[in-house]
1. Any residue at all in segment 370-389 that's of a type in the set (Asp, Glu), without any contact (Cβ under 8 Å) to a residue 12 or more places away in the chain and open to solvent by 20 Å² or more (accessible area, probe 1.4 Å)?
2. For segment 161-170, how many residues are within 7 Å of ligand 1 (Cβ to nearest atom) and within 13 Å of Pro348 (Cα to Cα)?
3. Please go through (1) open to solvent by 90 Å² or more (accessible area, probe 1.4 Å); (2) over 24 Å from Leu330 (Cβ atoms) for Glu396 and return the number of the only condition it doesn't satisfy.
4. Might you let me know whether segment 64-87 holds any residue that is within 16 Å of ligand 2 (Cβ to nearest atom) and surrounded by fewer than 21 Cβ atoms within 10 Å (Cβ to Cβ)?
5. Taking into account only those residues within segment 340-366 that are hydroxyl-bearing (Ser, Thr, Tyr) and open to solvent by less than 30 Å² (accessible area, probe 1.4 Å), which is farthest from the chain's Cα centre (by Cα)?
6. Among the residues of segment 216-234, is any under 19 Å from Leu427 (Cβ atoms) and open to solvent by less than 10 Å² (accessible area, probe 1.4 Å)?
7. Check whether at least one residue in segment 330-344 is of a type in the set (Ser, Thr, Tyr), in contact with a Lys or Arg (Cβ under 8 Å, 6 or more places away or on another chain) and touching a residue at least 24 places away in the same chain (Cβ under 8 Å), and report yes or no.
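The values are calculated or read from the model by the stated rules, or taken from the named source; none is laboratory data. For clarity, every value in this text was computed on a predicted model and none was experimentally measured. Using ideal geometry, Cβ is built from the backbone for each residue, glycine included, and neighbour counts are taken over all protein chains shown. The area values use the complete protein model at the heavy-atom level, side chains included, leaving out ligands, DNA and RNA. Shrake-Rupley method; radii C 1.70, N 1.55, O 1.52, S 1.80 Å.
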Amino acid sequence: MKSLKPPPMKKLFVKTYGCQMNAYDSARIADLLAPLGYGAATGPEEADMVVLNTCHIREKAAEKVYSELGTLRALKQDKKDMLVAVAGCVAQAEGELMLKRAPVIDLLVGPQSYHRLPEMIAKISRAGGKALQTDFPALEKFDALPQAQTSGVSAFLTVQEGCDKFCTFCVVPYTRGPEHSRAPEALLAEAKALVDGGAREIVLLGQNVNAYRGHDANGKIWSLARLCEALARIERLARIRYTTSHPRDMTADLIDAHRDNEKLMPFLHLPVQSGSDTVLAAMNRQHRAEDYLRTIERIRDARPDIALSSDFIVGFPGESDADFEATMELVRQVKFAQTFSFKYSKRPGTPAAAAQKQISEKVKDERLQALQRLLLEQQDAFNDAQLGQTLEVLFEKPGREAGQLVGRSPWLHPVHAKADASMIGRLGKVRVERRTANSLKGALV
Ligand code: SAH
Ligand code: SF4
Ligand code: F3S
């Protein structure tokens, strides 16, 4: 056999913004560049290449990238050979404009074309200049990527990408392109590789993960529930989670899976955004508050101990006091375990950005505070209810204190307990003794 000379060692630093799908993509970018000789750098200072994997969801997220690019520009004065790449949703949304605004960028790739980074790097090292790729060849991306190589105890697996829903506030349909589900065979193979690499939990990712409809080689369509069923047969896989779901796609078979599939964890992130039917309609969410409440009821019937989570937007254009109160009322009815809430942020190119009745920053602030106060009360109540309970914890890594490990409860709480390092990657029962704002502490029983 011909022996391959290893390429010279170079260092890569990937900085990730935004959602879990970006985290997954960042890991894949590292896998993709490893054969080119890139190993992990601890920071941009020691890196030969820096990738910013960006998020465009709210104005603040998008603006952060430009301040980081400013820092990199200064750094590049002394490190002329350092490559600066921008990937992710800001790259997709701004394209050429971004290259003009930040000339420090050498490479720009959208979320559906980052598999082309190696050829782009080769091109600019040969010919100089810049390289830009913002097509949506979704069908080829996953085929072109190498098998996932690294895995923690909990691993992400993108099963579905893109969005066809076009909520009027949201950039995702424009940055991630149309909905596309990966084939079940490829996902099962990737899941097995992740488990072989040490994963005991897999978190299935999609912008609308419960809209997953994968076509297998026989032309049969698989739902997310069916995919979870097949994944559950991987013996050493202990836990399955999925995120983010849309209320409209919470189908009966998926709800049943929460009753029947023991590996499917009792935690569901099901964003509702608002409790007002007027606002929901203006957002193009395609359901009413009542539909959401009924869905929650059915999920709780199937799996009484399920914990619910949601995203909320306050101050959507036209949101009245009564609309906001409807959101508060929905929250009181559901009782959420954990949530994310945001002030509406105007995004270029989205229909809501052009709406007449924009809400003032002051009102947005007041509503966000009131909502977060209520949500925090619910989160505290949920966490208090864990005190004295014995929870099954999947240990993931060493904790901050010596001899301590951190893992996750079925409901995603970080749980700290004294345990031997051999427990990493294993399930243990922990009796909860104390809690901090977000995490639990206890003793292994
Ligand atoms: N696909 C998911 C959400 C993905 S974006 C869903 O349909 O629920 C993640 C969250 O960001 C959204 O749930 C929403 O709450 C928030 N978000 C999206 N666009 C926003 C905007 N323009 N302003 C404020 N928050 C926004
Ligand atoms: Fe954005 Fe709506 Fe699609 Fe979610 S469903 S990604 S909020 S457009
Ligand atoms: Fe942000 Fe793109 Fe995810 S806009 S939230 S990184 S899909």
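1. Narrowing segment 370-389 to residues of a type in the set (Asp, Glu): 377, 380, 384.
Pick out the ones that are also without any contact (Cβ under 8 Å) to a residue 12 or more places away in the chain and you get 377, 380.
Subset that is open to solvent by 20 Å² or more (accessible area, probe 1.4 Å): 377, 380.
Yes; the residues of segment 370-389 include at least one that is of a type in the set (Asp, Glu), without any contact (Cβ under 8 Å) to a residue 12 or more places away in the chain and open to solvent by 20 Å² or more (accessible area, probe 1.4 Å).
2. Filtering segment 161-170 for residues within 7 Å of ligand 1 (Cβ to nearest atom) gives 163, 165, 167, 169-170.
Narrowing further to those that are within 13 Å of Pro348 (Cα to Cα): 169-170.
Total satisfying the criteria: 2.
3. Among (1) open to solvent by 90 Å² or more (accessible area, probe 1.4 Å); (2) over 24 Å from Leu330 (Cβ atoms), the lone unmet condition for Glu396 is (1).
4. No, because not a single residue in segment 64-87 is within 16 Å of ligand 2 (Cβ to nearest atom) and surrounded by fewer than 21 Cβ atoms within 10 Å (Cβ to Cβ).
5. Residues of segment 340-366 that are hydroxyl-bearing (Ser, Thr, Tyr), as a first pass: 341, 344-345, 350, 360.
Still in the list and also open to solvent by less than 30 Å² (accessible area, probe 1.4 Å): 341, 344-345, 350.
On the way: Ser341: 16, Tyr344: 20, Ser345: 19, Thr350: 22 Å.
Among those residues, the one meeting the criterion is Thr350.
6. yes
7. Quick first cut of segment 330-344, residues of a type in the set (Ser, Thr, Tyr) only: 339, 341, 344.
Remaining after also requiring in contact with a Lys or Arg (Cβ under 8 Å, 6 or more places away or on another chain): 344.
This time we only want the ones that are touching a residue at least 24 places away in the same chain (Cβ under 8 Å), so: 344.
Yes: segment 330-344 contains one or more residues that are of a type in the set (Ser, Thr, Tyr), in contact with a Lys or Arg (Cβ under 8 Å, 6 or more places away or on another chain) and touching a residue at least 24 places away in the same chain (Cβ under 8 Å).
Results for (1) within 16 Å of ligand 3 (Cβ to nearest atom); (2) under 30 Å from Ala355 (Cα atoms); (3) outside the structural domain of Arg408 (by TED's automatic domain parsing); (4) in contact (Cβ under 8 Å) with a residue 60 or more places away in the chain, shown as yes or no for each residue.
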position	(1), (2), (3), (4)
Ser154	no, no, yes, yes
Cys163	yes, yes, yes, no
Val171	yes, yes, yes, yes
Val203	yes, no, yes, yes
